[in-house]
1. Which of Lys34/Lys362; Lys131/Lys408; Lys131/Lys362; Lys131/Lys402; Lys31/Lys131; Lys2/Lys34 have a Cα-Cα distance over 22 Å?
2. Find the all-direction average of the projected area of the Cα convex hull for region 226-376, expressing the result in square nanometres with one decimal place.
3. Over all distinct Cα pairs, what is the inverse of the mean 1/r for region 262-333, reported as the Kirkwood hydrodynamic radius in Å?
4. Tally the DSSP beta bridges in the chain and give the antiparallel ones as a percent, rounded to 5.
5. Per 5 Å bin from zero, what fraction in whole % of the C-alpha pairs of region 297-411 is there, up to the bin with the longest pair?
6. Distances over 14 Å make up what percent of all Cα-Cα pairs in region 319-360?
7. Could you work out how far helix 169-181 tilts from the main Cα principal axis of the chain, as a 0 to 90 degree angle to the nearest 10?
8. If one puts a single equal scatterer on every Cα of the chain and applies the Debye formula without solvent, what log₁₀ I(q)/I(0) results at q = 0.06, 0.08, 0.14 Å⁻¹?
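The values are calculated or read from the model by the stated rules, or taken from the named source; none is laboratory data. This structure is a prediction, so every number in the text was calculated from the model and none was measured. Reconstructed Cβ throughout: ideal geometry from the backbone, glycine too, with neighbour counts over all protein chains shown. The accessibility values were calculated without ligands, DNA or RNA, using every heavy atom of the protein model including side chains. Shrake-Rupley method; radii C 1.70, N 1.55, O 1.52, S 1.80 Å.
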Amino acid sequence: MKNLILKHCNIVDATQAEPRMNQQVLIEDGKIAKISSAPIKGQDCESIDLDGRYLMPGLIDAHVHVTAAQFDLHNDMLPESQISVQAARFMENMLLRGFTSIRDVGGADFGLARAVDSGLIAGPRLFYGGKSLSQTGGHGDFRPVNAHAEGWSVCLCSGSSISRIVDGVSEVRKAVRDEVRKGAYHIKVMAAGGVASPTDRIDNLQFSEEEIQAIVEEARNAGIYVAAHVYTPRGIERCVKLGVRTIEHANLLDEASARAMAEHGAFMVPTLIIYDSLAKDGKAYGIPDASLAKIEQVRSRALESIQLARAHQVRIGFGTDLLGEVGQAAESQEFRLRARVETPLQVLDAATLTNAEIVCRKGLLGVVAEGAYADLLALDVNPLDDITVLSQLEQTLQLIMKGGKIYKDCL
């Protein structure tokens, strides 16, 4: 890998409200070695003149499902080989949208991560949790109501392309240990009802407190953390009190549950674009009417939940949760939705600094700083003036770099 000097950069990241103008950046061995307002000299370096363009950290999507190959999870019966090929395509497209890191919260595994790390496929850094944990009849159990458990368990193997079905304290402990064995960076638990699952309600609580405590304990023993799918105040408060670190979605957050999240230091990862995408295209792709009704139930409160979380100083990340080829194409539109209730700096912070902390890479990702990975984007406009420019990254991005390697260069 060649060392690089980026010249005449206006550096933008969420550590400051204004760009650092006319900077030079030295990249060595895939990391940022030096930043200076004076010219930098390095040995055996190539140089790229950004000519006053804005240099920002690579984006992080903290809620993806790269193995969700179809828009409709009720029809999740594709062969694993096809799912893997589709996942590789999804990840390459994410990288070319400027997402240089992603956190997969149900489905991805060590094989996909290894394929990225070895250069077999082009993709973002992949922080995976393996299969998410669902109870029988829970959000990760996509069997139709008339399916017999015994007959379908063989067909669905462990649940679906994103989940595995486990019941009881001993089973959840074994499942967490198995995902840890396979290198999981975190554990995802379906702790309440969801919009895609056919046999539960949004306000269902799933797994017993003893089961969630066991999941949290096993994750902590392994030095990792637990993320929970949950919408309702009752479910959110229960999860954070039991030690869950990140709350995924949280659309129905209220004052009390926001206070509980802040008190316990839990992160919130909203995923707005999935509900817009499902509401727009779901019926055409076979999403059942019952699920469409649940989608509207949570979609209508999503923006309000972010405002409540901000008011209570809950740390907020950035996620998308998109499914299938139809959904994945809308990933960058999350910026447009978040801009309705947050400042550009808040949105940029969520997609970089806070998400870096969520994936436990604070100081290495999400910043343009000495010692950080050279995961960098260059664009013609300042995103702190208008964060919605990040919803058009295919057009506005001039340079995409991950670990010092250039994946797009339109300079």
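1. Beyond 22 Å: Lys131/Lys408; Lys131/Lys362; Lys131/Lys402; Lys31/Lys131.
2. For region 226-376, averaging the hull's shadow over all directions gives 9.5 nm².
3. After inverting the pairwise mean of 1/r, the radius is 13.3 Å.
4. Percentage antiparallel, nearest 5: 40.
5. 2, 10, 17, 22, 24, 15, 7, 3, 1, 0
6. That fraction is 54 percent.
7. 30 degrees
8. With one equal scatterer per Cα and no solvent, log10 I(q)/I(0) is -0.23, -0.41, -1.21.
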